1. For peptide B:334-341, how many partner chain Cβ atoms fall within 10 Å of a residue's Cβ, on average?
2. Hey, if you put +1 on the Cβ of every Lys and Arg and -1 on every Asp and Glu Cβ in segment B:1-143, which of B:Ser119, B:Gly50, B:Val89 ends up farthest toward the positive end of that dipole?
3. Go ahead and run the numbers for FRET between A:Asp121 and A:Asp386, Cβ-Cβ distance against an R0 of 60 Å, rounding to 0.05.
4. About the Cα centre of chain B, what is the dipole size in debye to 20, counting +1 per Lys and Arg Cβ and -1 per Asp and Glu Cβ, all else neutral?
5. Taking only Cα atoms of the protein assembly as shown, what ratio of Rg to Rh do you get with Rh as the Kirkwood inverse-distance radius?
6. Quick check on packing: order A:140-150, A:207-217 by the mean number of other C-beta atoms within 10 Å, highest mean leading.
7. Note the buried accessible area between A and B here, summed over both chains, with a 1.4 Å probe, in Å² to the nearest 100.
8. Restricting attention to the alpha-carbon atoms of segment B:2-137, what are Rg (one decimal) and Dmax (integer), both in Å?
2 protein chains.
Amino acid sequence: MPESIEKQDLQLQLQAVHEALDSGAANHARQLLAGLDSSEVAHLLESMPGKPRKVLWELLSEDFQGDVLQYLGDEVRQSFLSRMQPDEVAAVIEGLETDDIADILQELPDQVFQQVLLSMDEQNRQRLQTVLSFPEDTAGGLMNTDTITVRPDVTLEVVLRYLRLRGELPEATDSLFVVDSSDRFVGVLPLANVLTRHQDDLVRSAMRDDIEAIPADTDAQEVATLFERRDLISAAVIDDEDRLLGRITIDDVVDVIRDEAEHSLLSSAGLDEDEDTFAPVGSSARRRALWLGVNLLTALMASAVIKIFEPTIQAVAGLAVLMPIIASMGGIAGSQTLTLVVRGMALGRIGDSNARWMLGKEMAVGALNGLLWALVVGGVAAFWYDDYALGGVMAMAMLINLSIAAAAGVLLPIAMEKANIDPALAGSMALTTVTDVVGFFSFLGLATLLLI
Amino acid sequence: MPESIEKQDLQLQLQAVHEALDSGAANHARQLLAGLDSSEVAHLLESMPGKPRKVLWELLSEDFQGDVLQYLGDEVRQSFLSRMQPDEVAAVIEGLETDDIADILQELPDQVFQQVLLSMDEQNRQRLQTVLSFPEDTAGGLMNTDTITVRPDVTLEVVLRYLRLRGELPEATDSLFVVDSSDRFVGVLPLANVLTRHQDDLVRSAMRDDIEAIPADTDAQEVATLFERRDLISAAVIDDEDRLLGRITIDDVVDVIRDEAEHSLLSSAGLDEDEDTFAPVGSSARRRALWLGVNLLTALMASAVIKIFEPTIQAVAGLAVLMPIIASMGGIAGSQTLTLVVRGMALGRIGDSNARWMLGKEMAVGALNGLLWALVVGGVAAFWYDDYALGGVMAMAMLINLSIAAAAGVLLPIAMEKANIDPALAGSMALTTVTDVVGFFSFLGLATLLLI
C-alpha cells in the first residue's frame, strides 16, 4: 500500500538521521536534511526524542529553522524557542506569514514578545498587531494581511495590468477582494473571472457579491464550517464596520479541522492535543498523573458503593466474580451513546429541538440491548452457579444499568455543555463513574434484597 | 460566542421546519427551505428522525435533491436512494461532479447501478468509468475529470484567449495542467502565473515543474498528507505511464481528513463513521449489540480470573471492594499510552525506528505513576481496613498493572498493525481486557499468597 510506503520512507529517513547523529557525522546528517522540505524536517523532529532532536535543530540554517517552525506542534516549537535570544527569534520568524508569526509570538514570555515586536519593521509590526488584537481561535486570529484589493469601478484590463506589474501573488490566492474608497468590503473577484471575462468589463460586473465576508470575531470552528459548506479556498475577514482586515486561506482551515479532531480524540484520555509524543519521561508522567488522580477519586466512589455490601459479598462470593460484568457492559453501552451525542452536538445536529427525541431513542436502544444481554448474562450466571435467583438478579441489574447508561450518555454531555464543561474531556470519566456506581449498587442491592 | 449562535440558528431552523411539518403546512416548510443552500438542507436532514426527514426530502425539487445528496452521509443518502427508481436516480445526480456521482453509484445495487450508467450520455459515462476503475479510497477514486489542459509550446496570450473563449472554469481551479501531445503530464501552470507573467512567455517557461502529479493508486490518506505538506489547492492525477487522468481538489481532501478523524473517534466505541445519529431504534440496537457481545466475552475472561480466587474473596471480602480500583487505574493509564501510540502511528511518527524507544519511555512513565499511585492507593487501603499487609498487596498490584498497561499500550497497536487489524477499532477493548485480567490476577493472586 502506498501509505505504508510513505510511512516507511519516514522511518527510513529517521533511521538514517539517527545513525548519522549517533556516529557524530554532522555533515552527513546535513546532507540528508538538504534533500527534504521544511514540513518533512518538522515531521522528523516531531518523531524523535529530545536529545537527537536538539542536535538536528542546531544543524539547520536560520531561514530553514523559520520555515520548519510553522509546521511544528506547540510544545516542540516552544522547546526550541525558549532556548533562543529575542533577536534570534526575530531573525528566525522574519520570513513567515503574519498569522504564523502571531501564533508563535503568543507562546513566548511577555518580555521576549515585546523585544521581538520592536525588532520588526513598522509595516510588519502593524500587520502583526492587527492579527494579535484578536483571540487565536477567531477569524481575526487566523487571518493573514496579505490581501490584494481592487476598486469596483476599474476595468479588468486595469486589474490585469496591475497584477502583471505586481508580479507574484500570495499563496492560495484564488480571488481578489473588491473594496470601496473607505476600504469597505464590496465583493470578491475570482481570478477565474479576471481570466475569462472581457477585458473591458468593470470589476463591479465581473465580481461576485454572493460570497459573504467573515466578521473578525467569528469562532474558528464556525469559519471551518463555512469553508466546508461553501467549498471556499479563501475568504475576506472584515471588522464590524465592514472594513477589510485580511483573509483566511483553506490551509489554515485544514489546521483548525485537524486540531479539533485531535482534541476530541486525545482529551477523552485526558491528554492535551499539543502534547509532544516524545516528551521526556518526567514531564509526561507528571501530566498524566493528574488524570489518574481524578480517576482514582471516581474509582473510590465505586469502591465505597461495594463496601456498603461487604457482608453480602462475604455471604455470596460469586457476586464479586459477576459484578465487573455489569459495570463493564454499562460502561461500553454508555460510551457508545456518549460518543454519538458529543459528536452530534459538535456538528450542531443535536440541540434543544431534538434532545428529547434523542433521549427517547437512546433509552429505547438501551432497553432493547438491556433485555437481550440481561437474558444472556442471566443465563450464564444461572448456569455457572446453578442458581436461578442469582441469574435473575444479574439480569435485572443488567437491564437497569444499560438503561441508565443510555440516559447518562445523552444527559451528561448536554448538562456539561450548559455548564461550560468540555464534554469531550470530562464526559467519558463522568459516564463510567455513573455506570460503575449504578451497576454495583443495583446488582449488589438486588442481591442483598433477594438472595440473603 | 458566534459558534453557539450558528448552532442555535440550525436549532431554530430545525424547530421551525418541524413545526411546519407537524402542522401539515407543506408550503410554509417549502418557503423555509427556499432560503437555505443545499449544504444547510443536508444538515437539517441529518438532524432529524426518519419520518419528518422523508417528508422534507419529498418537498425538494429534483435538481435540489441532487445538490443535497452530495452533502449527506452514506447511510442517510442510501435511505433516500433505495426508494428511488433507476431513472429517477439518474435524473437527480445528473448535475453533480464525477467523483460525487461515483461515490453515490457505488452504494447502489448492481442492477440499478448499470441502469443509471446506461441512462447517461457517452462522455459522462466514460468519465465515470475512469473514476470507477479505481478503489474509492485512492487518488483515482477521489479525482474529478474536469481538468483544463494546455500545451507547453504555446504562449500565455493563447492560453488567455482560450480561457476567455471557454468562459467558466471548474470549481477550485487554481491551475491548469500542461500535457504533451500524448497527454503526458509535464507541469502545472498556476492561474496566478497566467495573470502576472508576460503574454509572450511560453507556457513552458511560465509553468512550474516542481509540483509532482499524484499516481492514481496513491492511498487517500497519503493524498491528504501531500496536500497538507505542500499547501495544495488542486493536484493532477496520473496513470502509471504519466498520462493525465484527472485532478483532486482540496474540498475532497478536507472530506478525507474529516472521515479519518470521525473514524478514529467513533471506532474506539465500536461505531461506524457513517452511522446515522437519527437511525431507527431497531437498526441502531442491532448494530451496537455486536460490540456489546464482544465486550461480554472479554468481561467473562476477567470474571473467570476472579472466579479462580473465589475462596480468597470469601475469606477477605474487602478484596472485592478494592479490586475494581486496580483494574480501573490500569485501564486509564493504558488507554493514555494507547491513544498516543495509535495517533503517533497514524501520523507516521512511530514505527520500527523508534518503537523500542517509545516502549522504554512509556514503561518508565508507567512505573513512575505506578509507584506514585501504589503509595496513595496502598495507603488508602491500609487506612480503610487498618491492615498494612492488604495495603502492601494493593500497592504491589498497582505497580504491576500500571507497568503492564504501559507495555500493552505500546505493543498491542504495533502488533495489531502488523496483523492488519485496525488498532483504532480493536485497541481499546483489547487493552482493557489485558488490564482487567492482569489487575485482577496480580491483586487476588498476591492476596492469596500473602494474606491467606
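The values are calculated or read from the model by the stated rules, or taken from the named source; none is laboratory data. Being a predicted model, the structure only gives us computed values, none of them experimental. Positions of Cβ are generated from backbone atoms using ideal geometry, with glycine treated the same way; all protein chains shown enter the neighbour counts. Surface accessibility is based on the protein's heavy atoms, side chains included, excluding ligands, DNA and RNA. Shrake-Rupley method; radii C 1.70, N 1.55, O 1.52, S 1.80 Å.
1. Values: counts 1, 5, 10, 4, 1, 7, 10, 1.
The per-residue average across the peptide is 5.
2. It is B:Gly50.
3. On the way: r = 86 Å, r/R0 = 1.43.
Given R0 = 60 Å and the Cβ-Cβ separation, E is 0.10.
4. Numbers: 31 positive and 68 negative charges, 392 e Å.
In total the dipole reaches around 1880 debye.
5. Working: Rg = 30.2 Å, Rh = 30.3 Å.
Ratio of gyration radius to Kirkwood radius for the protein assembly as shown: 1.00.
6. Working: A:140-150: 21.5, A:207-217: 16.9.
Per-residue mean Cβ counts within 10 Å order the peptides as A:140-150, A:207-217.
7. On the way: alone 24840 and 24800 Å², together 37770 Å².
Adding both sides of the contact gives about 11900 Å².
8. Values for segment B:2-137 (Cα only, Rg and Dmax): 16.3, 48 Å.
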